[in-house]
Each structure stands twice: as structure tokens, then as C-alpha cells.
Amino acid sequence: MVISHPTEYDAYLFHLGQLFQSYKTFGAHIGKEKGVLGVRFTVWAPHAEKISVIGDFNNWIGDHYHLEKLNEEGIWTNFFPKVSEGALYKYEITTADGRILRKSDPFAFYSEKRPHTASIIYNLSNYEWNDNTWFHHKKQHLSYNEPMFIYEVHLGTWKTKENGEFLSYRELADELIPYVVEAGYTHIELLPLVEHPFDRSWGYQGTGYYSVTSRYGSPHEFMEFVDKCHQHGIGVILDWVPGHFCKDAHGLYLFDGEPTFEYANPFVMQNDVWGTANFDLGKTEVQSFLISNAIFWMDVYHIDGLRVDAVANMLYWDMNGDGTIRENQYAVQFLRALNEQVFKYNPTALMIAEDSTEWPLVTAPTTTGGLGFNYKWNMGWMNDVLEYMELNPVYRKYHHNLLTFSLLYAYTENFVLPFSHDEVVHGKKSLLNKMPGDYWQKFAQLRLLYGYLMAHPGKKLVFMGGELGQFEEWKDLEQIDWFLLNYDMHNKIHAYTKKLLKFYKEERSLWELDLSWDGFQWIDPDNKEQSILSFMRKSKNKNDFLIIVCNFTPVVYQDFKVGVPLHASYVEVFSSDETEFGGTGQVNTGELISKKRNWHGQPYYISIKIPPFGISILRPTKKIRRIYQLGKSKFQNKFTSLTKGRRVNASKKMYCNASGWRARKPLKFTN
């Protein structure tokens with residue numbers, strides 16, 4: 001990290017909203033000036049009358065540590081020798097009306113562990129990374145046509161020590177990473193790790209946006225955690241909150257005595273729902289601060305992407321306090337600028353919008369009027385499916401549209417299907433306990449729910465603990481219920497999720513065309529009377545496809561006809577009703593020979609056994625009988641070999657990011 005006295009050009013770009021690595025200029029930076037070792041402090045406080053640096057190096061008395069005002073727009077800076085790494089400090093700000101405020105540094109790289117609130121001088125630049133292979137892999141394997149199954153984690157409650165204390169970043173690296181690798185997840189998504197004063201805000205109400213929380217260790221220890229994730233092939237996504245911030249006195253709120261980071265408009269300054277303050281997204285200096293922060297996590301900590309929290313809260317506001325909700329054009333412009341700059345810095349970044357609205361083109365390029373994200377949480381699918389699953393199976397046939405409606409818009413955006421922490425807290429019940437019925441039925445339906453999640457188009461996300469079949473919802477002050485693995489059915493659902501993820505990653509048809517209609521085809525979406533769905537998922541190889549049948553009732557069918565596109569032998573390759581998973585063993589064994597008859601709009605059909613509350617997945621066998629036309633009236637039957645999992649050269653396609661539509665180079669795959 002190159003450190004220097006802030007130049008006039010730095011200041012110009014910052015005030016313009018275009019200093020996109022402002023963390024290299026602002027904050028506390030160790031370095032030499034005129035041959036003297038010390039620390040340069042730089043802060044933005046446009047309404048301040050005077051600013052001093054106070055800390056343990058001057059007994060918290062700033063008489064000889066005054067900052068100099070660089071310009072009229074409020075950048076203050078100075079260099080002080082004999083201040084070293086590890087020192088505690090704050091800014092003592094004299095407001096225009098004479099009040100004295102003691103604030104943490106908005107650009108601090110490290111902070112005291114709560115309840116203490118001082119910033120800590122820290123050198124971020126001397127960690128040696130060992131993840132070049134990971135970054136090379138990402139460039140060669142774009143996320144759009146690769147498997148993505150995300151494990152959402154709150155680091156404080158995934159697992160704790162026997163005395164209830166948090167695991168450190170290093171201890172989490174030793175325990176969480178092997179767990180995630182063995183389970184088969186492709187990415188970890190971490191609830192926010194910006195410094196925050198209150199544990200139960202889960203990091204969503206931050207004070208130190210450049211300061212990774214000290215609850216679990218130091219910045220270098222977090223770098224080590226990310227580095228080890230990458231060395232084991234695991235991507236790291238960080239939950240990020242650019243919409244609002246914590247109002248604690250030492251933080252950003254009324255930083256220099258007047259609205260600075262927040263809106264001055266009293267109707268939108270406060271976020272009454274969360275008790276926070278809204279970032280002024282129209283203020284250019286705030287844009288520099290936030291866009292730099294997004295790039296900071298990728299630059300300094302090698303984070304692979306950000307899940308941007310509460311996008312709807314930014315896009316819509318009641319700016320006049322009259323109850324009329326309007327579009328916030330400041331937020332629209334900010335989000336577009338954010339995504340454009342992030343993708344310029346890191347073309348492989350994951351920028352995922354948590355947006356619960358019908359705002360169009362969230363994942364379309366900014367050049368075509370989109371917001372420029374490359375993924376969006378599919379909140380509609382999640383709400384519909386969970387509402388459906390909570391119904392008594394007797395009544396599900398009256399709400400069949402809750403299962404099928406999502407396919408009307410499944411390809412309007414690049415979607416992630418989330419079963420997140422928000423769905424298993426605050427009285428919403430755990431996923432297992434949402435399921436109706438007796439003990440066995442709850443587990444069977446949870447297996448079915450996870451199977452349907454895997455089979456539905458879109459990338460996937462599940463919150464920690466769901467893989468254990470927790471009966472209780474997330475207890476945000478305790479570790480997840482690891483003791484459940486001592487019980488048979490919980491141990492089996494745990495084994496099931498691992499088998500499911502392994503199957504998902506091996507089957508190209510479940511992810512290779514995730515973002516294209518070419519990867520999905522209904523067989524029968526309309527069987528509401530039996531509450532059965534059947535459809536196909538396809539890969540780029542037109543003969544590589546899966547037949548998926550989901551039964552959302554406890555009824556068993558011994559001779560159920562399913563339409564299929566090819567005259568072939570079919571085998572069941574996955575069933576949620578295997579006895580090893582706790583099922584009844586109503587599985588299909590041996591080869592199922594298709595018969596010539598139009599069924600479900602297909603030229604052939606197979607007769608299968610359908611288990612109760614189960615998902616069955618079938619595929620054509622390696623030898624498929626196909627008919628080739630050799631002339632107007634001459635036909636010949638041939639057998640052709642279809643190698644499972646064969647990888648072929650992909651033709652040129654187009655993909656989009658915030659910068660626009662771009663040609664994807666042909667990718668060469670090997671077996």
C-alpha cells in the first residue's frame with residue numbers, strides 16, 4: 001500500500017466521488033516523511049472547527065497533535081513522529097458550536113474489542129499471500145456456468161469454545177474450512193465483519209467500515225483465514241451494508257457535529273426500522289468512502305465478492321415524510337457507479353444484491369439501464385416455496401402455483417436461491433420445524449426441500465445449522481446444535497446434504513446453463529391434484545440431461561408415468577428416500593426402458609416408483625438408442641456412447657457484468 005501526503009488531485013477526486021482507493025490516502029498510515037518515521041493522519045470532517053489526534057501516545061491530550069485543514073471542503077491531515085503501530089487513537093473534534101466530540105477513525109484498519117471504541121494503528125501491507133492458484137482458477141472458470149452452493153455463516157455462533165468464547169480467525173480456519181470442504185460447499189458467505197459495537201446486530205450496524213472486527217482476532221489473522229479458504233478452493237463472500245450505519249456516539253453518526261455521512265434531510269436521515277442512520281448516497285464524498293470500501297475488501301483481504309444488504313431500503317424512500325414511497329435516484333446512481341468500479345478493479349467479482357422488490361434489470365449491465373450486479377437473491381422464490389412447504393399437504397394442491405410461478409421469471413435476472421439466516425430467526429422457526437407432520441415426515445420434507453433447491457435453476461445458499469436438521473431456530477448467542485449429530489435422523493440429514501452437494505457438483509446439467517432457458521424444460525408443471533412436479537435440467541451437451549420428479553405429499557406411487565424425450569434406458573441416480581438418509585427405500589432399481597407413446601408432451605414415457613415426500617432424479621444410461629435419418633425413407637438404428645460428465649469445448653457466448661455485454665472466450669475443459 002503506497003502512502004503519501006494527500007495531494008490536491010487526491011482531494012479533487014475524493015470530493016468528486018471518484019477516489020476509489022481512498023483508504024490509501026485517508027486514515028492512519030505508518031511511514032517516513034523527511035526521513036522521520038511516524039504516522040500521517042487524514043480525515044474528512046467538513047463542519048469541524050478544529051481537530052486533534054488523541055491517544056495512548058499523548059495521554060489522550062491532543063494539545064500538540066492538531067491536524068491542519070487541507071482545503072475548505074474539510075480534509076484535515078498532519079504527520080506526527082514517534083507514533084507507532086499498535087497505538088490507540090481517536091479524533092477529538094471541536095464542532096462549529098463549540099462541542100467536543102471524540103470519534104473513532106472512519107478509515108481505521110483495526111479497532112479495540114468492544115466495549116472499548118478506540119481505533120488502532122495497524123500496518124496492513126506485510127502479509128504474504130499464497131492464493132495465486134485460486135485467482136488463476138477464477139479467471140478460467142467464470143461463475144455463471146460453474147456450480148455455486150454457498151454456506152452462510154455467522155462466525156460468532158458457528159462453533160464456540162467450551163467456555164462460550166468465540167473461536168479466533170485462526171481457529172476457525174482450522175475447523176470451519178475443513179468442514180466446508182468435506183461438506184462440498186463452493187463458497188462461504190460471512191455475515192458482516194465490519195467493526196460493530198453490539199453482538200446481536202450481527203454486524204449489520206457498523207461503526208468501522210475499514211476495520212475487520214477484533215472479536216475474532218487481528219487483520220492479518222483474517223487474511224490468513226481467507227488465504228486458507230482460497231488454498232482449499234473455497235470462495236469468500238462478505239455481507240456488506242452500504243445503506244445505513246450505527247448511531248453510537250463514537251462512530252460515523254453526526255461525525256463533526258452535523259450531518260456528514262448521513263442525509264441532512266430529516267425525513268430520510270434516520271432509519272426508524274433499524275434504529276440506524278442512512279448513508280447520504282448522493283454526497284460525492286460518501287460515494288468515494290463506500291465504493292473505496294467495497295474495493296478495499298477485495299484489494300486488501302482478497303474477498304471474492306459482496307452480498308449487498310438491504311438494496312430495497314436504498315432504492316426506495318419517503319423523502320418528504322408524507323408516506324409516499326418514491327425511487328431514490330441517488331441510490332440508483334450510486335449502485336451503478338459501485339458495480340462499474342468494482343468490476344473494473346476485479347472482473348471476476350461476485351456482486352450479489354439482496355433486493356426484495358420487482359426493480360427491473362438488477363443484474364443487467366449499467367450500459368443498458370441495469371444496476372450492474374451480477375447476481376440477485378431470489379426472495380420471491382424463497383418466500384413462495386417456504387409458504388408452500390408450511391402448508392398441510394392436503395391443502396397444497398390449492399397452492400400449486402407457489403411452486404411453479406418462479407419459472408415465469410427465473411431467467412429475468414441471474415439469481416441466487418437463498419435459505420438465509422433471516423428465515424430461521426425471530427420466531428420464523430427452523431427449516432425442519434417449518435415442515436408439517438410427524439417426526440419422520442418433517443425430515444423427509446426437509447430432504448425434499450433441499451433437493452428441490454438443488455434442482456431449481458439458480459445458484460444456491462443455505463444458512464449454517466440447516467444441514468444438521470435443527471429443530472430450534474438460530475440462537476444468535478450460542479453455537480449451532482452440534483450435539484444433534486448424536487441422534488440418528490440428524491446424522492442422516494447431515495449425510496444427505498453432503499451427498500446432495502457432491503451430486504450437484506458432479507452433474508453439469510444442474511449448473512452449466514443455470515442462467516439460460518436452454519438449461520430447463522418442464523415435463524409436467526400442472527399436476528396439482530397429486531402435488532407432483534416433473535422437469536428436466538440440461539447441460540450444453542444436448543444428450544446430457546436429468547429427469548427430476550418431486551412429490552410433495554406422503555402418497556407412494558408404484559407405476560407413475562413420466563414423459564421423456566429419448567428412446568433409451570433410464571436409471572435413477574439420486575433419491576431422497578434412500579434408507580441411508582432416513583427414507584423408506586421406495587427407490588427405482590435397474591434400468592427403466594422407455595416406451596413409445598406421447599406423454600407429457602414427450603414422445604416416450606417411463607414408469608417409475610415415486611416415494612413419499614421425495615425427489616427422484618433419473619438420467620439416460622450411457623448407451624442411448626437414437627434414430628438417424630439417412631435418407632428420405634431409409635432409417636438405421638445406432639447405439640452411441642454418452643460418457644457421463646464428459647467435458648467439451650464451449651462455443652463463444654455472451655455474458656454481462658456492470659460494464660456491459662462481453663464475449664466469453666471458449667473454455668477448454670478436460671475430464
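All of the numbers you see were taken from the coordinates with simple rules; none came from a lab. Not measured: the values here are computed from a predicted model. We place every Cβ from the backbone using ideal geometry, glycine too, and count neighbours over all the protein chains shown.
Neighbour counts of other C-beta atoms within 10 Å: give me GLU413, GLU182 arranged from fewest to most.
On the way: GLU413 24, GLU182 9.
Ordered from fewest to most neighbouring Cβ atoms within 10 Å, GLU413, GLU182 come out as GLU182, GLU413.
If you count, for each residue, the other Cβ atoms within 10 Å and average over each peptide, how do 350-363, 586-599 line up from highest to lowest? Let's see the in-between values first.
Numbers: 350-363: 20.4, 586-599: 14.9.
Those peptides, ordered most packed to least, come out 350-363, 586-599.
To the nearest 10 degrees, how steeply does helix 169-183 sit against the main Cα axis of the chain, on a 0 to 90 scale?
Orientation of helix 169-183: about 10 degrees from the principal axis.
Assign unit charges at the C-beta atoms only (+1 for Lys and Arg, -1 for Asp and Glu), then state the dipole size of the chain relative to its Cα centre in Debye, rounded to the nearest 20. Could the numbers behind the result be given before it?
Values: 71 positive and 77 negative charges, 906 e Å.
Approximately 4360 debye in magnitude.
How far is helix 488-506 tilted, in degrees, relative to the longest principal axis of the Cα atoms in the chain, given as a value from 0 to 90 rounded to the nearest 10?
90 degrees
Among the listed pairs LYS492/LYS542; LYS434/LYS528; LYS429/LYS561; LYS428/LYS561, which have their C-alpha atoms separated by more than 31 angstrom in this model? Please list the in-between numbers first.
Working: LYS492/LYS542 35 Å; LYS434/LYS528 21 Å; LYS429/LYS561 36 Å; LYS428/LYS561 38 Å.
Over 31 Å Cα-Cα: LYS492/LYS542; LYS429/LYS561; LYS428/LYS561.
Return one number: the angle in degrees, 0 to 90 and rounded to the nearest 10, between the long axis of the Cα atoms of helix 329-345 and the longest principal axis of the Cα atoms of the chain.
Taking the Cα atoms of the chain, the angle to 329-345 is about 80 degrees.
When only C-alpha pairs under 8 Å and at least 6 residues apart count, what is the relative contact order of the chain, in percent?
Values: 1483 pairs, mean separation 67.4, N = 671.
10 percent.
As a test of the formula, what do you get for the chain when each DSSP H run with n ≥ 4 contributes -39,500 (n - 2.57) and the sum is divided by the residue count, at 222 nm and rounded to the nearest 500 deg cm²/dmol? Intermediate values should be presented prior to the final figure.
Details: 14 runs with 149 residues, N = 671.
Helices in the chain give a 222 nm mean residue ellipticity of -6500 deg cm²/dmol.
Need one word for the chain: rounded, prolate or oblate. Basis is the Cα gyration tensor (sqrt eigenvalues a ≥ b ≥ c); a/c below 1.5 gives rounded, then a/b vs b/c decides. It would help to have the intermediate numbers written out before the result.
Working: a/c = 2.22, a/b = 2.00, b/c = 1.11.
Because a/c hits 1.5 or more and a/b exceeds b/c, the chain counts as prolate.
State whether segment 560-616 is rounded, prolate or oblate according to the following rule on the C-alpha gyration tensor (a ≥ b ≥ c being the square roots of its eigenvalues): a/c under 1.5 gives rounded; otherwise a/b larger than b/c gives prolate, and the remaining case gives oblate. Mind showing how you got there, number by number?
Details: a/c = 3.21, a/b = 2.17, b/c = 1.48.
Because a/c hits 1.5 or more and a/b exceeds b/c, segment 560-616 counts as prolate.
Tell me whether segment 8-120 comes out rounded, prolate or oblate; compute the Cα gyration tensor, take square roots of the eigenvalues as a ≥ b ≥ c, and use a/c under 1.5 as the rounded threshold. Intermediate results must be reported in sequence, preceding the final value.
Values: a/c = 1.42, a/b = 1.15, b/c = 1.23.
Verdict is rounded for segment 8-120.
Under a Cβ-only charge scheme (Lys and Arg +1, Asp and Glu -1), can you give me the dipole magnitude of segment 8-120 about the Cα centre, in debye to the nearest 20?
340 debye
Using the crude model of +1 on Lys and Arg Cβ and -1 on Asp and Glu Cβ, and no other charge, please compute the dipole size for segment 65-119 relative to its Cα centre, in debye to 20. Show your work: numbers first, answer last.
On the way: 8 positive and 8 negative charges, 64 e Å.
The dipole magnitude comes to about 300 debye.
Sorting ASP63, ASP481, ASP10, ASP318 on the 10 Å Cβ count, fewest up front, what's the list? Could the numbers behind the result be given before it?
Numbers: ASP63 8, ASP481 17, ASP10 20, ASP318 13.
In order of increasing Cβ crowding within 10 Å: ASP63, ASP318, ASP481, ASP10.
Can you put TRP134, TRP44, TRP60 in order, fewest other beta carbons within 10 Å first?
Numbers: TRP134 21, TRP44 26, TRP60 14.
The most exposed by this proxy come first: TRP60, TRP134, TRP44.
I'd like to compare 544-553, 110-119: which one has the highest average count of other Cβ atoms within 10 Å, and what's the full order after that?
Working: 544-553: 23.1, 110-119: 18.5.
Top to bottom by mean Cβ count within 10 Å: 544-553, 110-119.
Tally Lys and Arg at +1 and Asp and Glu at -1 over the other residues with C-beta under 13 Å from the C-beta of GLU358: what net charge comes out?
Values: positive: LYS376; negative: GLU327, ASP355, GLU413.
Local net charge: -2.
In terms of Cα to Cα distance under 15 Å, which aspartates and glutamates are near enough to LYS283, apart from those fewer than 8 places away along the same chain?
Within the straight-line limit of under 15 Å, LYS283 reaches these aspartates and glutamates: GLU73, GLU258, GLU262.
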